[in-house]
There are 2 protein chains.
Amino acid sequence: MKIGFIGLGRMGSGMAANLLKAGHEVIVYNRTREKMAPLVAKGAKPAASTAEACAGEAVFTMLANDDAVAEVAFGEGGIVASLKPGGIHISTSTISVALAERLAEAHGKAGQHLVSAPVFGRPEAAEAAQLSIVAAGAAPAVGTAKPLLEAIGQKLFAVSETPKDANLIKLSGNFLIATVIESLGEAMALIGKAGIDRAQYLEILTSTLFGAPVYKTYGALISAGKFEPPGFAAPLGHKDIRLVLAAAEDLRVPLPIASLLRDRFITLLANGGDNLDWSALATLAERDAGMRQG
Amino acid sequence: MKIGFIGLGRMGSGMAANLLKAGHEVIVYNRTREKMAPLVAKGAKPAASTAEACAGEAVFTMLANDDAVAEVAFGEGGIVASLKPGGIHISTSTISVALAERLAEAHGKAGQHLVSAPVFGRPEAAEAAQLSIVAAGAAPAVGTAKPLLEAIGQKLFAVSETPKDANLIKLSGNFLIATVIESLGEAMALIGKAGIDRAQYLEILTSTLFGAPVYKTYGALISAGKFEPPGFAAPLGHKDIRLVLAAAEDLRVPLPIASLLRDRFITLLANGGDNLDWSALATLAERDAGMRQG
């Protein structure tokens, strides 16, 4: 298929490379032009504008936040204005439920389709085509997008015909990950201050009830205490908690732990967390316990 | 080996039965005498008092809380007064770190040994000898207890020579489980109120990042909405959060999520939760969201 890919950050670069590897014709676009070079070296065609990236049957977006996606979608020469009728916008960014709804409406009016397909996985998973993808949208559009999504992920879940459902699932998943990070941080501060070996504690957890990738991955990151460079930066984690709280407020669902996490992220950002991985959230419990400075 | 077993509730009955099955001579004792009958039918010897249950090389306790353990250990004809020198008290109950410390001291003075060996697993796991056990105590005592613990569990972790370390690990593990219950309750209330299929949502979680027994077990319990009879009753969950907070206060480690969970348990108990499984904690988010009455 002939497709576009807009947004070549750490996640998008890996995903676009895997689409090329699967044999698709990929037109790439990134605001910072230099990031296009490695993909062009792998056979991608560089686009001079977002409009040029919309010349194919589908266009992916993988951008940092709502503002970036809205600009690329609704701006002059944007996706809504440029994609041909019947074309599919595959939105893989973690955006708000409200923006997904707005996108679906605008694409619908333009005779296009929106497939919301947010991904679970850090940059290494994107590079290795091992993302988990939750997709929602009109069945024929999801069907067309399927081989593309299978080229970038190892697991694909088609959940409903309403695009925003996938975004809510993704946001609530990130809420659960942040909960694991914070609770592990608290438990490990307690265990550590008691003088118990934290590596052995983690081993006990992950070889019993807590034997899941989320505990293994974040337990290892917290144990190592290595939060730079960020795989997923703290401001993005904060953004996702804000978005899940916004969606929950619209639906009138109080989320006490998410509210607590919002304050924890603000504390992290207020104390030098801007360039750290979001797992640095786990350091706050140690700091509160007087176990580390700054 | 000739051993005693004090406390034949849902957990203790299964554990004592597995010790019998492994060929040990087991003297059982329970305050409510009727609970001894099924074990006696399987070959156990009934004791008329706690003192009689202390006639062997080791004695297990599996009781509901600190008060019950303290009474059996320190009371007249209790374990400290009755166990022979060199005898081992294998304490498998989830008790406070402070009581574990007090027990270790008293047994030490009496020339006996304490092995703290709290267990992870619900009654079905106790019955099937599939508990995970965290053991701590003097190395020779843990060595003697090892074949007994292996008869009741599938995984044994010997963590340190200080008994109370095992109790802190157990309490912090229960804190992490309660965190999973509450956060899943919040996420599933949000997903459910948005009209998204909750079973599919759980399937996505547990087949990706959250593929651990804790999410599968509690996700299924929450989905089914079946909280009676309790496998682990809400008041016990509340007790464990209180105990982890007490240990954390002694060590000066603030635990924001544990503090939140404490209030959630109080809310559950104030609203008819006394005889429900602790996973009923997950219903509070739905109730707050106006999705269920009472």
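Scanning region A:212-233 for residues that are at the interface with another protein chain (Cβ under 7 Å from one of its Cβ atoms) and either part of a helix (DSSP H, G or I) or more than 23 Å from B:Tyr215 (Cβ to Cβ) (or both) yields A:Pro213, A:Val214, A:Tyr215. Pairs meeting the criteria (first residue in region B:27-42 and closer than 15 Å to B:Val69 by Cα, second residue crowded, with 17+ Cβ neighbours inside 10 Å, beta carbons under 6 Å, at least 6 apart or on different chains) are B:Tyr29/B:Ile6; B:Tyr29/B:Ala47; B:Tyr29/B:Thr50; B:Tyr29/B:Ala53; B:Asn30/B:Leu8; B:Asn30/B:Met36.
Mind checking which residues of region A:148-204 are farther than 27 Å from A:Val244 by Cα, among the basic types (Lys, Arg) and facing another protein chain (nearest Cβ under 7 Å)? Once the filter is applied, which keeps residues that are farther than 27 Å from A:Val244 by Cα, among the basic types (Lys, Arg) and facing another protein chain (nearest Cβ under 7 Å), region A:148-204 yields only A:Lys193.
Checking every residue in region B:46-55 against the condition of being surrounded by fewer than 18 Cβ atoms within 10 Å (Cβ to Cβ) and in a strand (DSSP E or B) gives at least one match. Go through region A:128-159 and count every residue that is of a type in the set (Gly, Ala, Ser), surrounded by fewer than 22 Cβ atoms within 10 Å (Cβ to Cβ) and farther than 20 Å from B:Gly211 by Cβ. The number of residues fulfilling the criteria is 4.
Set side by side, the residues A:Gly153, A:Gly173 differ, and just one is assigned by TED's automatic domain parsing to the domain that holds A:Pro118, within 22 Å of A:Gly12 (Cα to Cα), out of contact with any Pro (no Cβ under 8 Å at 6 or more places or on another chain) and at pLDDT 95 or above, which is A:Gly153.
The values are calculated or read from the model by the stated rules, or taken from the named source; none is laboratory data. Please read all numbers here as calculations on a predicted model, not as lab measurements. Using ideal geometry, Cβ is built from the backbone for each residue, glycine included, and neighbour counts are taken over all protein chains shown.
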